1. From the list 125, 95, pick out the single residue that is under 20 Å from residue 56 (Cα atoms), modelled with pLDDT of 90 or more and out of contact with any Ser or Thr (no Cβ under 8 Å at 6 or more places or on another chain).
2. Applying the selection to segment 130-157, what residues are small (Gly, Ala, Ser) and within 22 Å of residue 48 (Cα to Cα)?
3. Within segment 102-109, can one find any residue that is within 20 Å of the chain's Cα centre (by Cα), within 19 Å of residue 61 (Cβ to Cβ), free of Cβ contacts under 8 Å to residues at least 24 places away in the same chain and part of a loop (DSSP other than H, G, I, E, B)?
4. For segment 48-62, does any single residue satisfy the condition of being out of contact with any helix residue (DSSP H, G or I) (no Cβ under 8 Å at 6 or more places or on another chain), more than 30 Å from residue 114 (Cα to Cα), assigned to a helix (DSSP H, G or I) and modelled with pLDDT of 80 or more?
5. Does residue 90 satisfy the criteria of being of a type outside the set (Val, Ile, Thr), part of a helix (DSSP H, G or I) and surrounded by 10 or more Cβ atoms within 10 Å (Cβ to Cβ)?
6. Give the residues of segment 128-172 that are surrounded by fewer than 10 Cβ atoms within 10 Å (Cβ to Cβ), of a type in the set (Asp, Glu) and not in a helix (DSSP H, G or I), sorted by residue number.
7. Tell me, yes or no, whether segment 100-113 has at least one residue that is modelled with pLDDT of 85 or more and farther than 30 Å from residue 139 by Cα.
Amino acid sequence: MYNGIGLATVRGSSTNGYVQRNLSHVRTQQVRNQVAQNKGGLQDWDAPKQKQANKAILEHQQKRQIEAKVFELQVQLEDEGLNEEEIDKKCQALRKKLNSSAKPQQIHEGGTHARAALKEEEDRRLRAAFGIREDFVAGAAFDPELQAQMQAKRQAEREAREKEREEERRRV
């Protein structure tokens, strides 16, 4: 016997005395916790938030790429043996050219922020293609209170438009 569990002696029991726990036993506390956890269902569920691209980081990466190209030109011109003034003029001209021709969406590789910016643009185009409003909330069609508010708002807008039409008819 160990901690008061099992047989005092295995003699005559036809067992070796090894005691195992019952794995098929369901603990009531564990079941209660799981039921409480699942009670709400999908009511509290929200769609995962999409990470927003940090425009400052994207601009910094773009400037960094431009400066890298300018530095390569500077090293090449120094190797050719040009004087400092000519090198500075050519570097400034290249920098100005690259800054004027650079586009914010030009960066396709560059980490999570570039991918997030591309994804935002893709989502915007998709919403425009399907005619989905910017203020759309998933599951709002099933909320009776929200639907009643939206209906009242549309009714008020409709009445305001009708009043404007009546006033214009009276003026003419």
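The values are calculated or read from the model by the stated rules, or taken from the named source; none is laboratory data. Here the structure is a predicted model, which means the values were calculated and not measured. A quick note on method: Cβ atoms are made from the backbone with ideal geometry, for glycine too, and the neighbour counts reach across all protein chains shown.
1. It is 95.
2. Residues satisfying the conditions are 131, 138, 139, 140, 141.
3. Within segment 102-109, one or more residues are within 20 Å of the chain's Cα centre (by Cα), within 19 Å of residue 61 (Cβ to Cβ), free of Cβ contacts under 8 Å to residues at least 24 places away in the same chain and part of a loop (DSSP other than H, G, I, E, B).
4. no
5. Yes.
6. 134, 135
7. Yes - at least one qualifying residue is present in segment 100-113.
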